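Comments concern the structure below.
Nothing in this text is a laboratory measurement; each read-out follows from the coordinates by a stated rule. Everything numeric in this text was worked out from a predicted model, so none of it was measured. Quick reminder, even Gly has a Cβ in these numbers, built from the backbone with ideal geometry, and neighbours come from all protein chains shown.
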Amino acid sequence: MVHSIELVFDAETETAVRDIWAQLAAAGLPSQAPAARPHVTLTVAQRIDSRVDAELAAVADRLPIGCILGATVIFGRSHGVLARLVVPTVELLDLHAQVHRVCAPYLVPGPMPNALPGQWTAHTTLARRIGPAKLGRAQRIAGRSDITGRFVGLRRWDGNTRTEYPL
């Protein structure tokens with residue numbers, strides 16, 4: 001499993017994402033519910049040393065910041081990951097770059113390439129393993145309108161123990 005540093009949403013935005021999860025599940029489609037918490041991953045590695053937590057306090061002090069969950073996107077090929085893109089703002093991209101700089105010495109063996117500044121696609125996952133025959137229906141459910149919200153927290157996620165550490 002992997003470790004990650006993630007942004008978490010305010011209660012209203014989290015509820016809006018969970019509502020999409022519930023609609024997907026009600027339609028018989030794969031969904032993230034109920035096992036996950038809506039979030040946006042900023043960096044990810046095989047392991048993140050917990051000593052980074054103290055240094056990430058300055059990043060957490062920048063929150064809250066606004067966000068817009070925009071269009072749906074599919075990652076992968078035959079059975080994709082359905083997500084909503086986070087509209088990139090200068091503030092969000094700057095925060096991401098700061099997290100990368102702070103975390104770099106604590107990522108073992110280093111950050112995964114898709115989390116590097118300039119290669120990162122900000123998104124929140126809605127469902128995994130959606131086959132081609134179900135993609136259209138899933139997108140109609142998931143992408144009805146933009147969601148305006150806020151990022152209010154930062155956490156370190158330990159995927160091995162499935163434990164979150166609020167920062």
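Summary of computed values
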{"quantity": "Dipole moment magnitude, nearest 20 debye, segment 3-149 about Cα centre, only Lys, Arg, Asp, Glu C-beta charged", "calculated": "840"}
{"quantity": "Helix axis angle, 132-142 relative to the chain longest principal axis, alpha carbon, degrees", "calculated": "70"}
{"quantity": "Counted charge near S31, where neighbours are those whose Cβ lies closer than 13 Å (Asp, Glu -1; Lys, Arg +1)", "calculated": "+4"}
{"quantity": "Segment 99-115 versus segment 7-24: alpha-carbon centroid distance in Å", "calculated": "27"}
{"quantity": "Surrounding net charge for H79, when Lys and Arg each add one and Asp and Glu each subtract one, Cβ distance under 10 Å", "calculated": "+4"}
{"quantity": "Net charge contributed by nearby residues that have their C-beta within less than 13 Å of A122 (K/R +1, D/E -1)", "calculated": "-2"}
{"quantity": "Separation between Cα centres of segment 41-67 and segment 123-167, rounded to whole Å", "calculated": "18"}
{"quantity": "Highest average packing first - 103-114, 64-75, Cβ atoms within 10 Å", "calculated": "64-75, 103-114"}
{"quantity": "Over the chain, volume per residue of the alpha carbon convex hull, in Å³", "calculated": "107"}
{"quantity": "Calculated FRET efficiency for the pair V73/A25, C-beta based, R₀ 25 Å, to 0.05", "calculated": "0.80"}
{"quantity": "Mean separation of Cα contacts under 8 Å, 6 or more apart, over the residue count of the chain: relative contact order %", "calculated": "39"}
{"quantity": "Longest site-free stretch - the chain; sites: trypsin sites (Lys or Arg not before Pro), DSSP loop, at most 16 other Cβ within 10 Å", "calculated": "78-143"}
